[in-house]
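Have a look at the structure below, then the notes.
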Amino acid sequence: MEFFSLIFTVLIALFFFYYCNKNKNLQKSGFKIYPLVGALPDFLLNRHRFYDWMTDVLSNCPTNTAVFHRPVNGHGIMTANPLNVEHMLKTNFENFPKGIRFYTRLQDLFGDGLFNVDGESWRNQRKSASYEFSTRSLKNFVMETAQVEIHTRLIPILEEATKKDRIIDIQDILERFAFDNIIKLAFNVDPNCLGGAESEFMQAFDIATTLSSGRFMYAIPFLYKIKKIFNIGSEKKLQKSIKIVHEFADNIINSRMEEGAEKKDEDLLSRFMGDSNQVSAKFLRDIVISFILAGRDTTSSALTWFFWILSSRKDIEQKILEELVQIRRRNGKKIGEAYTFDELREMQYLHAAISESMRLYPPVPIDTRSCLKDDILPDGTFIGKDWNL
């Protein structure tokens, strides 16, 4: 028995030696694929710097696309090729839904909200959202909300820091600024986080989104489900945070539904309620929480990177200021006066600068989809049924 065990060990060692040496010659780009475990070893080593690792790997691939293998959930593809992204999100959109993997990991927090569903439910919610965001009244509500936050909180904070020559954490400030705005837009409630109030909801939302997205990073995909069943570790903390988020939203929604048609605000909740007899409180909670996610982290991330770039590019800052001077003169405005929505649309150079900063540092750095049936991506890469992209 020991003899056969020895032979088996030697054969395995020879196989690994042959395989690794073979791959040194053949695999000059993409993920390192090991026998049985695929790309898992490198994933574990780089999980803490996932986006940097992806960038390093894909930068060395001819079409910025690489196939990976992992135990349990099999094959997948990572790509940073614009043609492949367009194929996934537009040209062949129907073949690349979010899929069950995406849905189950985020279901506890986002339920059946717009950003967690596929098919008819997604189409209906997107249609409603597109209509509401195109209305003049909602645009005015957004403008008024942002202007109040800017002039009564954001600018005074920056002015005080300037007078006292004090260092500030601009990312934290912009996160609070974005959170105040999106909660006002969603519920017409002012959490006053930028004004210094500590919001239990904001803290719980932070934890819930971080731990929910962390479910995608498990080496053993079903491990989070086991932790959830036994209510231990990160899953215990996640469920506690989700409860706080849901209770906050539920209290506002239930109160608003009781008021019925007597109170009609301009916020998203009121707009999606319509006739409250036709929609459930859970549906309203799911869709509004999805919009909080979409409007909060993306806005603060984009603004933080934008101002970080401007701090080292005085030439760009100067061109933006020159454009603002021209618009003020053209519209008879003084420094400090609020711009209208139409005046903002005249700021073409500013728009271009913000767009370029988001290209360099995307507020949403990754999107994941599932493949319904075999397909060939525009760069020639094959993707199989049920593969992740």
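The values are calculated or read from the model by the stated rules, or taken from the named source; none is laboratory data. No experiment lies behind these values; they were computed from the predicted model shown. Positions of Cβ are backbone-derived with ideal geometry, glycine not excepted, and every protein chain shown enters the neighbour counts. Note: accessible area is taken over every heavy atom of the protein model, side chains too, but ligands, DNA and RNA are not part of it. Shrake-Rupley method; radii C 1.70, N 1.55, O 1.52, S 1.80 Å.
Considering only residues in the stretch 115-154 that are under 21 Å from residue 202 (Cα atoms) and under 17 Å from the mean Cα position of the chain (by Cα), the one that is modelled with the lowest pLDDT turns out to be 115. Checking each residue in the stretch 333-352 for being open to solvent by 80 Å² or more (accessible area, probe 1.4 Å) and either closer than 13 Å to residue 306 by Cβ or modelled with pLDDT of 95 or more (or both) picks out 348, 351. Return yes or no: is residue 355 under 30 Å from residue 106 (Cβ atoms), of a type in the set (S, T, N, Q) and surrounded by fewer than 13 Cβ atoms within 10 Å (Cβ to Cβ)? The answer is yes for residue 355. Residues that are at pLDDT 95 or above, polar (S, T, N, Q) and open to solvent by less than 70 Å² (accessible area, probe 1.4 Å) within the stretch 55-85 comprise 63, 64, 65, 79, 81, 84, listed in sequence order.
Counted as qualifying within the stretch 126-216 are the helices (runs of 4 or more DSSP H) with 2 or more residues that are in contact (Cβ under 8 Å) with a residue 60 or more places away in the chain and under 21 Å from residue 285 (Cα atoms), namely 136-149, 170-187, 200-214. Residue selection: residue 179 fails the criterion of being open to solvent by 50 Å² or more (accessible area, probe 1.4 Å) and farther than 18 Å from residue 111 by Cα.
When residue 295 is tested against (1) at negative phi; (2) modelled with pLDDT under 85; (3) among the small types (Gly, Ala, Ser), just one condition goes unmet, and that condition is (2). Take the stretch 204-235 and flag every residue that is farther than 26 Å from residue 45 by Cβ and exposed (fewer than 13 other Cβ atoms within 10 Å of the Cβ). Listed by number, the residues that qualify are 229, 230, 231. One residue stands out in the stretch 249-269 among those that are open to solvent by 60 Å² or more (accessible area, probe 1.4 Å) and in contact (Cβ under 8 Å) with a residue 12 or more places away in the chain: the one that is farthest from residue 103 (Cα to Cα), namely 266. Filtering 194, 174 for residues that are surrounded by 19 or more Cβ atoms within 10 Å (Cβ to Cβ), of a type outside the set (Gly, Ala, Ser) and at pLDDT 95 or above leaves a single hit, 174. Got a sec? Which of 244, 309, 327, 292 is under 18 Å from residue 188 (Cβ atoms), of a type in the set (A, V, I, L, M) and assigned to a helix (DSSP H, G or I)? When all the criteria are applied, what remains is 292.
Among residues of the stretch 358-370 being of a type in the set (Val, Ile, Thr) and surrounded by fewer than 15 Cβ atoms within 10 Å (Cβ to Cβ), the one that is modelled with the highest pLDDT is 366. When you check residue 373 against the structure, is it surrounded by fewer than 12 Cβ atoms within 10 Å (Cβ to Cβ), more than 24 Å from residue 82 (Cα to Cα), of a type in the set (Lys, Arg) and out of contact with any Ser or Thr (no Cβ under 8 Å at 6 or more places or on another chain), yes or no? Against the criterion (surrounded by fewer than 12 Cβ atoms within 10 Å (Cβ to Cβ), more than 24 Å from residue 82 (Cα to Cα), of a type in the set (Lys, Arg) and out of contact with any Ser or Thr (no Cβ under 8 Å at 6 or more places or on another chain)), residue 373 does not qualify. Residues in the stretch 278-332 that are free of Cβ contacts under 8 Å to residues at least 24 places away in the same chain and of a type in the set (Lys, Arg) were compared, and the one that is most open to solvent (accessible area, probe 1.4 Å) is 329. Scanning the stretch 86-111 for residues that are more than 19 Å from residue 210 (Cα to Cα), under 17 Å from the mean Cα position of the chain (by Cα) and open to solvent by 60 Å² or more (accessible area, probe 1.4 Å) yields a count of 1. Quick one: is residue 236 in a helix (DSSP H, G or I), basic (Lys, Arg), more than 18 Å from residue 111 (Cβ to Cβ) and modelled with pLDDT of 95 or more? Taking the combined requirement at face value, the residue satisfies it.
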